[in-house]
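The values are calculated or read from the model by the stated rules, or taken from the named source; none is laboratory data. The structure presented is a predicted model; accordingly, all values stated were derived computationally and were not measured. Because the Cβ atoms are built from the backbone with ideal geometry, glycine has one as well, and the counts that use them run over all protein chains shown. Accessible surface areas use protein heavy atoms only, side chains included; no ligands, DNA or RNA. Shrake-Rupley method; radii C 1.70, N 1.55, O 1.52, S 1.80 Å.
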Amino acid sequence: MIVDVLKASKMIQKGDVVAIPTETVYGLAADAMNAEAVKKTFQLKKRPADNPLIVHISDLDQLDSIAKTVPPAARKLADAFWPGPITLVMAKDARVPDVVTGGLGTVAVRMPDHQMALHLIRLTGPLTAPSANRSGRPSPTRVSHITEDFGNQLAILDGGDCKIGLESTVLDITSKTPKILRPGAISKEMIEKILETNVQERVGEYEEKPSSPGVKYSHYKPKARVIWISTIPDSVNNSTYYLIHSDSKEFKQTNVIGYRGNFEKMARELYDQFRTADHLAYSFIAVESLPANKISPVLSALRDRINRAAG
Ligand code: TXA
Ligand code: MG
(Lines give C-alpha, C1' and ligand atoms only; values in the text may rest on other atoms or scores of the structure.)
(Ligands and ions follow the chains in the order given, each with its own letter.)
Protein backbone atom coordinates (compact mmCIF):
# COMPACT_ATOMS: atom_id res chain seq x y z
CA MET A 1 0.00 0.00 0.00
CA ILE A 2 1.59 3.27 -1.13
CA VAL A 3 1.18 6.20 1.29
CA ASP A 4 2.30 9.84 1.19
CA VAL A 5 4.51 11.58 3.74
CA LEU A 6 1.60 12.99 5.76
CA LYS A 7 -0.16 9.63 6.02
CA ALA A 8 3.17 7.96 6.87
CA SER A 9 3.78 10.47 9.67
CA LYS A 10 0.32 9.86 11.14
CA MET A 11 0.81 6.09 11.03
CA ILE A 12 4.21 6.34 12.73
CA GLN A 13 2.84 8.65 15.44
CA LYS A 14 0.16 6.00 16.10
CA GLY A 15 2.87 3.35 16.58
CA ASP A 16 2.64 1.73 13.14
CA VAL A 17 5.48 0.68 10.86
CA VAL A 18 6.09 2.19 7.40
CA ALA A 19 8.70 1.30 4.76
CA ILE A 20 10.66 4.41 3.81
CA PRO A 21 13.20 5.28 1.10
CA THR A 22 16.78 6.27 1.87
CA GLU A 23 19.74 6.78 -0.45
CA THR A 24 21.20 3.38 0.53
CA VAL A 25 18.33 0.87 0.82
CA TYR A 26 14.69 1.05 1.96
CA GLY A 27 14.12 0.94 5.72
CA LEU A 28 11.30 -0.33 7.92
CA ALA A 29 10.60 2.76 10.00
CA ALA A 30 9.12 3.12 13.49
CA ASP A 31 9.14 5.86 16.15
CA ALA A 32 12.52 5.33 17.84
CA MET A 33 11.17 6.47 21.22
CA ASN A 34 8.19 4.07 21.14
CA ALA A 35 9.39 0.65 22.37
CA GLU A 36 6.18 -1.12 21.28
CA ALA A 37 6.42 0.27 17.75
CA VAL A 38 10.09 -0.70 17.52
CA LYS A 39 9.23 -4.25 18.66
CA LYS A 40 6.84 -4.52 15.71
CA THR A 41 9.72 -4.03 13.26
CA PHE A 42 11.64 -6.90 14.87
CA GLN A 43 8.54 -9.13 14.61
CA LEU A 44 7.75 -8.18 11.01
CA LYS A 45 11.34 -8.84 9.89
CA LYS A 46 11.71 -11.92 12.11
CA ARG A 47 14.88 -10.27 13.33
CA PRO A 48 16.74 -11.58 16.42
CA ALA A 49 16.23 -9.22 19.37
CA ASP A 50 19.97 -8.84 20.02
CA ASN A 51 20.62 -7.30 16.59
CA PRO A 52 20.32 -3.53 17.22
CA LEU A 53 18.73 -0.93 14.94
CA ILE A 54 20.00 2.33 13.46
CA VAL A 55 18.28 5.54 14.62
CA HIS A 56 17.67 7.93 11.71
CA ILE A 57 17.63 11.68 12.34
CA SER A 58 16.84 14.73 10.19
CA ASP A 59 18.59 17.44 12.23
CA LEU A 60 21.79 17.51 14.24
CA ASP A 61 20.14 18.76 17.44
CA GLN A 62 18.24 15.45 17.65
CA LEU A 63 21.61 13.81 18.41
CA ASP A 64 21.63 15.19 21.95
CA SER A 65 18.63 13.09 23.00
CA ILE A 66 20.05 9.90 21.43
CA ALA A 67 23.77 9.92 22.22
CA LYS A 68 24.94 10.32 25.82
CA THR A 69 27.69 12.67 24.69
CA VAL A 70 28.51 13.66 21.15
CA PRO A 71 32.27 13.22 20.63
CA PRO A 72 34.19 15.71 18.44
CA ALA A 73 34.72 12.96 15.85
CA ALA A 74 30.95 12.70 15.42
CA ARG A 75 30.65 16.45 14.78
CA LYS A 76 33.41 16.33 12.17
CA LEU A 77 31.98 13.30 10.37
CA ALA A 78 28.44 14.69 10.48
CA ASP A 79 29.72 17.94 9.01
CA ALA A 80 31.52 16.13 6.23
CA PHE A 81 29.09 13.35 5.34
CA TRP A 82 25.56 13.95 6.69
CA PRO A 83 23.04 13.64 5.28
CA GLY A 84 24.71 10.56 3.80
CA PRO A 85 25.57 6.86 4.00
CA ILE A 86 27.56 6.68 7.24
CA THR A 87 26.25 5.45 10.61
CA LEU A 88 28.05 6.40 13.82
CA VAL A 89 28.09 4.17 16.90
CA MET A 90 28.24 6.22 20.12
CA ALA A 91 27.38 5.89 23.82
CA LYS A 92 23.60 5.71 24.22
CA ASP A 93 21.37 8.23 26.01
CA ALA A 94 19.13 6.58 28.63
CA ARG A 95 16.02 7.98 26.88
CA VAL A 96 16.49 5.59 23.93
CA PRO A 97 14.49 2.41 24.65
CA ASP A 98 16.62 -0.71 25.21
CA VAL A 99 14.83 -2.66 22.45
CA VAL A 100 16.37 -0.27 19.91
CA THR A 101 19.92 -1.24 20.82
CA GLY A 102 19.33 -4.87 21.77
CA GLY A 103 20.41 -3.99 25.31
CA LEU A 104 23.78 -2.50 24.25
CA GLY A 105 25.18 0.62 25.88
CA THR A 106 25.83 2.10 22.46
CA VAL A 107 23.50 3.42 19.77
CA ALA A 108 23.96 3.68 15.98
CA VAL A 109 22.80 6.93 14.33
CA ARG A 110 22.66 8.33 10.82
CA MET A 111 21.03 11.11 8.79
CA PRO A 112 19.78 9.66 5.50
CA ASP A 113 20.26 11.61 2.26
CA HIS A 114 16.71 11.42 0.94
CA GLN A 115 14.29 14.36 0.89
CA MET A 116 11.20 12.25 1.66
CA ALA A 117 12.87 10.54 4.61
CA LEU A 118 14.13 13.86 6.00
CA HIS A 119 10.70 15.46 5.58
CA LEU A 120 9.07 12.53 7.39
CA ILE A 121 11.56 12.59 10.29
CA ARG A 122 10.96 16.33 10.73
CA LEU A 123 7.29 15.48 11.28
CA THR A 124 7.77 12.42 13.52
CA GLY A 125 11.13 12.76 15.27
CA PRO A 126 13.90 10.12 15.10
CA LEU A 127 13.02 6.78 13.46
CA THR A 128 14.51 3.34 13.78
CA ALA A 129 14.83 1.73 10.35
CA PRO A 130 16.43 -1.64 9.68
CA SER A 131 16.57 -2.59 6.01
CA ALA A 132 13.01 -3.37 4.84
CA ASN A 133 13.60 -7.03 4.00
CA ARG A 134 12.72 -10.16 5.91
CA SER A 135 15.77 -11.44 7.80
CA GLY A 136 17.92 -13.48 5.44
CA ARG A 137 16.74 -11.70 2.27
CA PRO A 138 18.73 -9.04 0.38
CA SER A 139 18.07 -5.43 1.35
CA PRO A 140 15.41 -3.80 -0.84
CA THR A 141 16.52 -1.11 -3.27
CA ARG A 142 13.14 -0.63 -4.98
CA VAL A 143 9.48 -0.84 -4.00
CA SER A 144 8.87 -4.17 -5.79
CA HIS A 145 11.51 -5.81 -3.52
CA ILE A 146 9.53 -4.79 -0.43
CA THR A 147 6.23 -6.19 -1.72
CA GLU A 148 8.08 -9.37 -2.72
CA ASP A 149 9.05 -9.88 0.95
CA PHE A 150 5.99 -8.44 2.74
CA GLY A 151 3.09 -8.44 0.26
CA ASN A 152 0.86 -5.43 -0.43
CA GLN A 153 -0.39 -4.81 3.12
CA LEU A 154 2.67 -2.97 4.37
CA ALA A 155 2.53 0.84 4.05
CA ILE A 156 5.29 2.10 1.74
CA LEU A 157 6.53 5.61 1.06
CA ASP A 158 7.65 5.38 -2.58
CA GLY A 159 10.86 7.35 -3.11
CA GLY A 160 11.98 5.59 -6.29
CA ASP A 161 15.03 3.36 -6.68
CA CYS A 162 17.80 3.84 -4.10
CA LYS A 163 20.75 5.73 -5.55
CA ILE A 164 23.52 3.89 -3.66
CA GLY A 165 22.06 0.38 -3.30
CA LEU A 166 24.29 -0.93 -0.47
CA GLU A 167 23.78 -0.31 3.25
CA SER A 168 25.60 2.52 5.03
CA THR A 169 29.12 2.35 6.44
CA VAL A 170 28.86 1.55 10.18
CA LEU A 171 31.67 3.24 12.13
CA ASP A 172 32.32 2.67 15.83
CA ILE A 173 33.72 5.87 17.35
CA THR A 174 33.58 4.77 20.99
CA SER A 175 37.28 3.89 21.20
CA LYS A 176 40.46 5.80 20.34
CA THR A 177 40.89 4.11 16.96
CA PRO A 178 37.64 4.34 15.01
CA LYS A 179 36.59 1.00 13.60
CA ILE A 180 34.54 0.21 10.50
CA LEU A 181 32.06 -2.51 11.50
CA ARG A 182 30.41 -2.64 8.07
CA PRO A 183 31.90 -1.08 4.93
CA GLY A 184 29.67 1.19 2.83
CA ALA A 185 29.90 3.99 0.29
CA ILE A 186 31.87 6.21 2.67
CA SER A 187 35.29 4.54 2.57
CA LYS A 188 38.04 4.17 5.17
CA GLU A 189 40.16 6.67 3.21
CA MET A 190 37.38 9.27 3.19
CA ILE A 191 36.93 8.92 6.97
CA GLU A 192 40.68 9.06 7.64
CA LYS A 193 40.96 12.27 5.67
CA ILE A 194 38.32 13.96 7.82
CA LEU A 195 39.49 12.62 11.21
CA GLU A 196 43.22 12.80 10.40
CA THR A 197 43.75 9.47 12.21
CA ASN A 198 43.99 5.83 11.17
CA VAL A 199 40.75 3.91 10.91
CA GLN A 200 40.52 0.15 11.37
CA GLU A 201 38.70 -1.96 8.81
CA ARG A 202 38.44 -5.72 8.65
CA VAL A 203 37.23 -7.08 5.37
CA GLY A 204 36.20 -10.68 4.96
CA GLU A 205 37.26 -11.68 8.48
CA TYR A 206 34.65 -12.30 11.08
CA GLU A 207 35.35 -12.15 14.78
CA GLU A 208 34.01 -14.84 17.05
CA LYS A 209 32.36 -12.25 19.22
CA PRO A 210 31.47 -9.57 16.67
CA SER A 211 31.26 -5.99 17.90
CA SER A 212 28.53 -5.35 15.34
CA PRO A 213 25.89 -7.92 16.24
CA GLY A 214 24.51 -7.98 12.69
CA VAL A 215 27.75 -9.46 11.41
CA LYS A 216 27.21 -12.82 13.11
CA TYR A 217 23.85 -13.49 11.42
CA SER A 218 23.88 -15.30 8.13
CA HIS A 219 23.48 -13.02 5.19
CA TYR A 220 21.52 -13.35 2.05
CA LYS A 221 22.75 -16.11 -0.18
CA PRO A 222 20.93 -16.33 -3.50
CA LYS A 223 19.65 -19.79 -4.43
CA ALA A 224 22.19 -19.61 -7.24
CA ARG A 225 25.75 -20.24 -6.05
CA VAL A 226 27.79 -17.04 -6.08
CA ILE A 227 31.37 -17.51 -7.32
CA TRP A 228 34.26 -15.18 -8.10
CA ILE A 229 35.87 -15.49 -11.54
CA SER A 230 39.14 -13.88 -12.60
CA THR A 231 38.62 -14.00 -16.35
CA ILE A 232 35.56 -13.74 -18.55
CA PRO A 233 35.17 -16.96 -20.58
CA ASP A 234 34.99 -16.66 -24.37
CA SER A 235 31.80 -18.67 -24.50
CA VAL A 236 29.44 -18.01 -21.64
CA ASN A 237 27.55 -20.76 -19.83
CA ASN A 238 23.74 -20.78 -20.11
CA SER A 239 23.18 -21.75 -16.48
CA THR A 240 25.33 -18.87 -15.20
CA TYR A 241 24.44 -15.23 -14.66
CA TYR A 242 27.53 -13.02 -15.09
CA LEU A 243 28.28 -9.70 -13.41
CA ILE A 244 31.41 -8.26 -14.98
CA HIS A 245 33.12 -4.88 -14.91
CA SER A 246 36.18 -4.98 -17.18
CA ASP A 247 34.16 -5.52 -20.37
CA SER A 248 35.46 -3.64 -23.38
CA LYS A 249 32.90 -5.05 -25.80
CA GLU A 250 29.11 -5.22 -25.72
CA PHE A 251 27.70 -8.61 -24.78
CA LYS A 252 24.57 -9.66 -26.65
CA GLN A 253 23.67 -12.40 -24.15
CA THR A 254 21.04 -11.40 -21.60
CA ASN A 255 22.85 -13.39 -18.89
CA VAL A 256 25.96 -11.17 -19.04
CA ILE A 257 25.64 -7.85 -17.25
CA GLY A 258 28.56 -5.54 -17.98
CA TYR A 259 29.42 -2.52 -15.89
CA ARG A 260 32.46 -1.18 -17.78
CA GLY A 261 34.24 0.03 -14.67
CA ASN A 262 31.14 1.71 -13.28
CA PHE A 263 31.33 0.27 -9.74
CA GLU A 264 28.74 2.73 -8.41
CA LYS A 265 26.22 1.29 -10.87
CA MET A 266 27.25 -2.26 -9.95
CA ALA A 267 26.65 -1.44 -6.27
CA ARG A 268 23.31 0.20 -7.03
CA GLU A 269 22.07 -2.87 -8.92
CA LEU A 270 23.72 -5.73 -6.98
CA TYR A 271 20.75 -6.77 -4.82
CA ASP A 272 18.33 -6.41 -7.73
CA GLN A 273 20.63 -8.63 -9.84
CA PHE A 274 20.68 -11.27 -7.08
CA ARG A 275 16.88 -11.30 -7.01
CA THR A 276 16.70 -11.37 -10.82
CA ALA A 277 19.11 -14.32 -11.10
CA ASP A 278 16.93 -16.27 -8.66
CA HIS A 279 13.69 -15.40 -10.46
CA LEU A 280 15.26 -16.68 -13.67
CA ALA A 281 16.52 -19.83 -11.86
CA TYR A 282 20.20 -19.58 -12.75
CA SER A 283 22.46 -22.14 -11.01
CA PHE A 284 25.45 -19.82 -10.68
CA ILE A 285 26.13 -16.12 -10.36
CA ALA A 286 29.70 -15.46 -11.53
CA VAL A 287 31.15 -12.15 -10.41
CA GLU A 288 34.38 -10.85 -11.89
CA SER A 289 37.01 -10.27 -9.16
CA LEU A 290 37.17 -6.65 -8.14
CA PRO A 291 40.38 -4.63 -8.51
CA ALA A 292 42.42 -4.12 -5.34
CA ASN A 293 43.15 -0.48 -5.97
CA LYS A 294 40.98 2.31 -4.65
CA ILE A 295 39.51 3.59 -7.90
CA SER A 296 36.07 3.70 -6.33
CA PRO A 297 35.12 4.27 -2.67
CA VAL A 298 32.36 1.68 -2.97
CA LEU A 299 34.71 -1.23 -3.84
CA SER A 300 35.23 -2.40 -0.28
CA ALA A 301 31.48 -2.54 0.40
CA LEU A 302 30.82 -4.33 -2.90
CA ARG A 303 33.50 -6.93 -2.11
CA ASP A 304 32.09 -7.42 1.40
CA ARG A 305 28.50 -8.02 0.23
CA ILE A 306 29.55 -10.37 -2.60
CA ASN A 307 31.85 -12.30 -0.22
CA ARG A 308 28.95 -12.77 2.19
CA ALA A 309 26.68 -13.96 -0.60
CA ALA A 310 29.39 -16.38 -1.75
CA GLY A 311 30.48 -17.43 1.78
O1 TXA B 1 21.93 2.01 5.03
C2 TXA B 1 21.52 1.57 6.10
O3 TXA B 1 22.19 1.58 7.14
C4 TXA B 1 20.08 1.00 6.12
C5 TXA B 1 19.12 2.16 5.84
C6 TXA B 1 17.67 1.75 5.94
O7 TXA B 1 19.41 3.23 6.69
N8 TXA B 1 19.80 0.36 7.35
C9 TXA B 1 20.35 -0.83 7.69
O10 TXA B 1 19.90 -1.31 8.92
O11 TXA B 1 21.13 -1.43 7.00
P12 TXA B 1 20.14 -2.82 9.40
O13 TXA B 1 19.36 -2.90 10.67
O14 TXA B 1 19.78 -3.74 8.33
O15 TXA B 1 21.66 -2.88 9.74
C16 TXA B 1 22.18 -2.18 10.87
C17 TXA B 1 23.56 -2.68 11.21
C18 TXA B 1 23.53 -4.09 11.76
O19 TXA B 1 24.66 -4.81 11.27
C20 TXA B 1 23.64 -3.85 13.27
O21 TXA B 1 24.19 -4.94 13.96
C22 TXA B 1 24.54 -2.63 13.32
O23 TXA B 1 24.11 -1.83 12.22
N24 TXA B 1 24.35 -1.86 14.56
C25 TXA B 1 23.25 -1.20 14.97
N26 TXA B 1 23.42 -0.69 16.20
C27 TXA B 1 24.67 -1.01 16.58
C28 TXA B 1 25.46 -0.77 17.77
N29 TXA B 1 24.99 -0.09 18.80
N30 TXA B 1 26.72 -1.28 17.81
C31 TXA B 1 27.22 -1.97 16.75
N32 TXA B 1 26.54 -2.23 15.62
C33 TXA B 1 25.28 -1.77 15.54
MG1 MG C 1 19.71 -5.41 7.07
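How many percent of the accessible area of segment 2-201 is carbon or sulfur, using a 1.4 Å probe?
Roughly 51 percent of what the probe reaches on segment 2-201 is carbon or sulfur.
Could you point to the residue in Ile54, Leu123, Ser139 farthest towards the positive end of segment 50-142's charge dipole, with +1 and -1 charges on the Cβ of Lys/Arg and Asp/Glu respectively?
Going by the Cα projections, it comes out as Ser139.
Over all directions, how big on average is the projection of the convex hull of the alpha-carbon atoms in the chain, in square nanometres?
Its average projected convex-hull area is 15.3 nm².
Of the peptides 58-69, 27-38, how do they stack up when ordered by the mean number of other Cβ atoms within 10 Å, highest first?
27-38, 58-69
Keeping all protein chains in place, calculate the accessible area per residue for segment 225-310 (probe 1.4 angstrom), answer in Å².
On the way: 4190 Å² over 86 residues.
That works out to 49 Å² per residue.
About the Cα centre of segment 2-201, what is the dipole size in debye to 20, counting +1 per Lys and Arg Cβ and -1 per Asp and Glu Cβ, all else neutral?
380
If DNA, RNA and ligands are ignored and the probe is 1.4 Å, what is the ranking of Glu196, Glu167 by accessible area, most exposed first?
Heavy-atom accessible area, descending, gives Glu196, Glu167.
Note down the relative contact order for segment 1-117 as a percent, whole number, built from C-alpha pairs under 8 angstrom at least six residues apart.
The value is 30 percent.
Could you pull out every residue, at least 5 positions away or on a different chain, whose amide H is within less than 5 Å of the one on Ile54? Hs are placed 1.01 Å off N in the peptide plane, and Pro or chain starts have none.
Result for Ile54 returns Ala129.
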